[in-house]
Amino acid sequence: GSNVQNFYLDFMIINRAGGLGKVGVPILNTTVNQYRLRLRGRFGVEADVAPGFKAGLRLSTGNTANPVTFNQDLGTYNTPFQVVWNDFYLRYQAARSDGSPLLTVWAGRFPNPWLSTDLVWYGELNFQGLAATQRLYFTGPGHSPKDDTAGHNYLFVTVGAVPLQDITFTTNDKWLYGAQIGAELRMQSGSVWRFGVAY
């Protein structure tokens, strides 16, 4: 009851209507407690289809109106559970002799390829389209070339093209183009530092 009132927009209603101007200003009710019983089910397979190539499929309970939840609310006794394709991708990966990846290319519906935290992308959000990551390994500060952790320091570049919305018979299709450069550094103390800058 002490929550801020008349402040948070209901983005689910806005998205379903096709924009804010088509539905007015729907506000979420933040003053009433709501208790839910939920479950989540997943079944996935990843298979080697050729040298360097993997195909991944994963079915999940889900909500087709919300791209970031795979929870199924209980209490809809007259409606069966929804099942969605959470992952559906082909991945190519070129690796060094020690198995460390050099080049990774994703196509289809795949997990987040960018270095990020929950502050930027929700962990359950998957992407559809194409993405690639190239890594360049180097010896880290304070490491000798024979150090087994030296090969795991690397710079990386990730690029991606993700169609967000296809609008039939118009040129107003929505796309997300992203690029990121960064590094992963392993210290002799065992700490791992990851940095990334994206646009």
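Details
- Some residue of segment 31-52 being part of a loop (DSSP other than H, G, I, E, B), under 21 Å from residue 160 (Cα atoms) and of a type in the set (A, V, I, L, M, F, W, C): no
- Inter-residue pairs, beta-carbon under 6 Å, first under 19 Å from residue 127 (Cα atoms) and assigned to a strand (DSSP E or B) and in segment 172-198, second open to solvent by 50 Å² or more (accessible area, probe 1.4 Å) and not hydrophobic (A, V, I, L, M, F, W, C), 6+ apart: 174/165; 175/163; 179/199
- Taking the criterion of being touching a residue at least 24 places away in the same chain (Cβ under 8 Å) and not hydrophobic (A, V, I, L, M, F, W, C), the residues of segment 115-135 that qualify are 116, 122, 124, 126, 128, 129, 133, 134, 135.
- Candidates in segment 26-40 are the residues that are farther than 28 Å from residue 111 by Cβ and surrounded by 10 or more Cβ atoms within 10 Å (Cβ to Cβ); of these, the one that is farthest from the chain's Cα centre (by Cα) is 31.
- Restricting attention to segment 99-114, the residues that are assigned to a loop (DSSP other than H, G, I, E, B) and either open to solvent by 60 Å² or more (accessible area, probe 1.4 Å) or without any contact (Cβ under 8 Å) to a residue 60 or more places away in the chain (or both) total 5.
- Which numbered condition residue 166 fails, given (1) of a type in the set (D, E, K, R); (2) under 30 Å from residue 139 (Cα atoms); (3) surrounded by fewer than 14 Cβ atoms within 10 Å (Cβ to Cβ): (2)
- Selection status of residue 68, among the aliphatic types (A, V, I, L, M), closer than 17 Å to residue 134 by Cα and under 18 Å from the mean Cα position of the chain (by Cα): no
- In a residue-by-residue description of segment 41-50, the property of being without any contact (Cβ under 8 Å) to a residue 12 or more places away in the chain and over 17 Å from residue 108 (Cβ atoms) applies to no position.
- If you go through segment 140-161 and keep only what is at pLDDT below 75, of a type outside the set (Val, Ile, Thr), touching a strand residue (DSSP E or B) at 6+ places or on another chain (Cβ under 6 Å) and not in a helix (DSSP H, G or I), you end up with just 140.
- Here residue 43 passes the criteria (1) open to solvent by 60 Å² or more (accessible area, probe 1.4 Å); (2) touching a Lys or Arg at 6+ places or on another chain (Cβ under 8 Å); (3) within 30 Å of residue 102 (Cβ to Cβ) except the one numbered (3).
- Residue 20 falls short on exactly one of the conditions (1) modelled with pLDDT under 85; (2) among the aliphatic types (A, V, I, L, M); (3) closer than 21 Å to residue 126 by Cβ, and that condition is (3).
- The listed residue being touching a helix residue (DSSP H, G or I) at 6+ places or on another chain (Cβ under 6 Å) and not in a loop (DSSP other than H, G, I, E, B), out of 92, 137: 137
Residue-by-condition table, conditions (1) open to solvent by 50 Å² or more (accessible area, probe 1.4 Å); (2) at pLDDT below 90:
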{"site": "96", "(1), (2)": "yes, yes"}
{"site": "116", "(1), (2)": "no, no"}
{"site": "122", "(1), (2)": "yes, yes"}
{"site": "128", "(1), (2)": "yes, no"}
{"site": "178", "(1), (2)": "no, no"}
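- Residues of segment 76-94 that are modelled with pLDDT under 85 and either open to solvent by less than 60 Å² (accessible area, probe 1.4 Å) or of a type in the set (A, V, I, L, M) (or both): 76 alone.
The values are calculated or read from the model by the stated rules, or taken from the named source; none is laboratory data. From a predicted model like this one, the values you see are computed outputs, not experimental measurements. Note that each Cβ is placed from the backbone with ideal geometry, even for glycine, and that neighbours are counted across all protein chains shown. Heavy atoms of the whole protein, side chains included, go into the accessibility calculation; ligands, DNA and RNA do not. Shrake-Rupley method; radii C 1.70, N 1.55, O 1.52, S 1.80 Å.
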